[in-house]
Amino acid sequence: MIPGYIVYCESKGTNEGPNGPLAAAGYYQIIPQTWAEYGGSPPNDASQHSRSEQDAVAARIWHDVGASAWACA
């Protein structure tokens, strides 16, 4: 399970649109390439998808990569 502080630290708990040079987006600030790689549906902008889909994609990332996938971990 992904610790709750990850979402708070990454996005202050909001579904943010793409930002920064990598266009990270959504509650977990997932970059488009990672979103697609871990099975997110198009478009590759996490903020355009439901919280439940973002949770599912983030869980797959967490399972595969762990905390190192997030700057706030």
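No lab work stands behind these numbers, since they all come straight from the coordinates. From a predicted model like this one, the values you see are computed outputs, not experimental measurements. Please note: Cβ atoms are built from the backbone with ideal geometry, for glycine as well, and neighbour counts cover all protein chains shown.
Worth a mention:
- Placing +1 on the Cβ of every Lys and Arg and -1 on the Cβ of every Asp and Glu, with no other charges, gives the chain a dipole of roughly 120 debye about its Cα centre.
- For the range 6-22, backbone phi angles converted through the Karplus equation (6.51, -1.76, 1.60; θ = phi - 60°) give residue-by-residue couplings of 4, 4, 4, 5, 6, 9, 6, x, 10, 8, 6, x, x, 8, x, x, 9 Hz, Gly and Pro being listed as x.
- The trypsin sites (Lys or Arg not before Pro) of the range 8-73 that meet both conditions, a loop assignment by DSSP and at most 11 other Cβ atoms within 10 Å of the site Cβ, are Lys12.
- Overall form of the range 1-56 per C-alpha gyration tensor (a/c, 1.5; a/b vs b/c): oblate
- The chain, helix-only ellipticity at 222 nm - DSSP H runs n ≥ 4, -39,500 (n - 2.57), divided by all residues, nearest 500: -11000 deg cm²/dmol
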